[in-house]
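> One structure coming up, written as C-alpha cells, with questions to follow.
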C-alpha cells in the first residue's frame, strides 16, 4: 500500500536545483562532518542523505566529502569527536539526534550545525525558537513528543487487550524525559499500565527485557532514539521482543526491517533527504540563524504482518486498511 498522510506545516522549504553547477560554489570540495552516537553511520541514512545531495547537484567525492565521527554509544566521547571536526575545519556538521546536536553546539559556535532528527529542540535548549533558531544550529524536528499519544492509541487499537506495556527509553537521550511524561498522561486516558525500563547501550537492552519479563508486560513501546531504533540496538530490541512474544511499537518505520510489529511516525527517507537541503543552502551562503527548524510533512503507519503471524496476532482490518506500508 502506498497511501501517505500529509500533515504538519513546513516552516521553510528548499527549492531543489537540477543544475550541478549551482551546487558547486567556486569549484571547492566541501567537507561535511557527520556526528553520530552510533558505532557507524547507518547505510540507510547514508543512502537517503546521498539521494538528497544528488538531487541538488552534489556528488560525494566530486564536490563534497563526508567526514564521519562515531561515538560507539559512548556519550563521553562526543566532545572529543566534535573537537576533531573543528580541527579539521569542516564546512558544516550534520548531527544525528538531539544528544549529538547538543554536544556539537557546546563544541563550536562557528561551524554551522544541522540536526538530522530531533525532538523538543526548544525545550532542551538547542534553538531559541523553531521559526528563528538563532546561533549556529538548525535542522529537522520529528515531533517525538507530540506523536506519543497517537502512537500509543494505535498500539492499543492494534491489540485491544493490552493492559500493561513496557516503555523502553534511553536515559542519555535529552528528549526522553518529556516523552515519558507525555506517555504516562496518555496511558491514564487509555487505562493502560506502563512499566519503565531503560538502556543506554545495546548490551543493556538484555537487562531491560529481563526487567520487563519480571513485570509481565504484554507489549513494548520503544521511544525513538539512535541507539534503540538503529541497526545494532534495534536488531537486539526486535530479537528479544520476538523471543519474549511481545508485540512492539516504534516511531520509525525503518525499525520494522528488524522485526518490529508496527510504527507510526515521520517518513525517515524524506527527513534525511531534506537534511541535504539545509547543507545545500548553508554552503551557498545562507545564515543558519535564519533557517527555520522544519517539522515533518509525511507521516507513515507501517505494519509488519510477518511479525504479527509469528506472534499469533490477528490485527483489525480497519487498521490494516489505513496502513501506508504493510510488510508481508
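The values are calculated or read from the model by the stated rules, or taken from the named source; none is laboratory data. Every value quoted in this text rests on a predicted model; they were computed, and no experiment measured them. Neighbour counts run over all protein chains shown; Cβ positions are idealised from the backbone, glycine included.
> Do we find that residue 306 is free of Cβ contacts under 8 Å to residues at least 60 places away in the same chain, surrounded by fewer than 17 Cβ atoms within 10 Å (Cβ to Cβ) and closer than 30 Å to residue 90 by Cβ in this structure? Even if it seems obvious, please write down each step before you answer.
Values: free of Cβ contacts under 8 Å to residues at least 60 places away in the same chain: yes; surrounded by fewer than 17 Cβ atoms within 10 Å (Cβ to Cβ): yes; closer than 30 Å to residue 90 by Cβ: no.
So residue 306 fails the test.
> Just name the residue that is nearest to residue 70 (Cα to Cα) out of those in the stretch 229-266 that are under 14 Å from the mean Cα position of the chain (by Cα) and surrounded by fewer than 24 Cβ atoms within 10 Å (Cβ to Cβ).
231
> Answer yes or no as to whether residue 144 is farther than 30 Å from residue 280 by Cα, outside any strand (DSSP E or B) and either in the same structural domain as residue 234 (by TED's automatic domain parsing) or in contact with a helix residue (DSSP H, G or I) (Cβ under 7 Å, 6 or more places away or on another chain) (or both). It would help to see each step written out before you state the result.
Working: farther than 30 Å from residue 280 by Cα: no; outside any strand (DSSP E or B): yes; either in the same structural domain as residue 234 (by TED's automatic domain parsing) or in contact with a helix residue (DSSP H, G or I) (Cβ under 7 Å, 6 or more places away or on another chain) (or both): yes.
Considered against the rule, which asks whether it is farther than 30 Å from residue 280 by Cα, outside any strand (DSSP E or B) and either in the same structural domain as residue 234 (by TED's automatic domain parsing) or in contact with a helix residue (DSSP H, G or I) (Cβ under 7 Å, 6 or more places away or on another chain) (or both), residue 144 comes out as no.
> Now for a different question. Please work out if residue 234 is at pLDDT 90 or above and part of a helix (DSSP H, G or I).
No.
> Given the options 167, 183, name the one that is modelled with pLDDT of 90 or more, in a helix (DSSP H, G or I) and either on the phi > 0 side of the Ramachandran plot or surrounded by 19 or more Cβ atoms within 10 Å (Cβ to Cβ) (or both).
Matching residue, one of 167, 183: 183.
> Same structure again: For residue 133, indicate whether it is free of Cβ contacts under 8 Å to residues at least 40 places away in the same chain and in contact with a helix residue (DSSP H, G or I) (Cβ under 9 Å, 6 or more places away or on another chain). Spell out how you get there, then give the answer.
Working: free of Cβ contacts under 8 Å to residues at least 40 places away in the same chain: no; in contact with a helix residue (DSSP H, G or I) (Cβ under 9 Å, 6 or more places away or on another chain): yes.
It is false that residue 133 is free of Cβ contacts under 8 Å to residues at least 40 places away in the same chain and in contact with a helix residue (DSSP H, G or I) (Cβ under 9 Å, 6 or more places away or on another chain).
> Do we find a residue being over 27 Å from residue 174 (Cα atoms), exposed (fewer than 13 other Cβ atoms within 10 Å of the Cβ), over 17 Å from the mean Cα position of the chain (by Cα) and free of Cβ contacts under 8 Å to residues at least 60 places away in the same chain anywhere in the stretch 78-87?
no
> List pairs: first in the stretch 201-223 and in contact (Cβ under 8 Å) with a residue 12 or more places away in the chain and at positive phi, second assigned to a strand (DSSP E or B) and surrounded by fewer than 23 Cβ atoms within 10 Å (Cβ to Cβ), Cβ under 7 Å, 6+ apart or cross-chain?
Pairs that qualify, where the first residue is in contact (Cβ under 8 Å) with a residue 12 or more places away in the chain and at positive phi and the partner is assigned to a strand (DSSP E or B) and surrounded by fewer than 23 Cβ atoms within 10 Å (Cβ to Cβ), are 216/164.
> Let me ask you something else. State all residues of the stretch 190-208 that are in a helix (DSSP H, G or I) and under 19 Å from residue 251 (Cβ atoms); if no residue qualifies, say none.
190, 202, 205, 208
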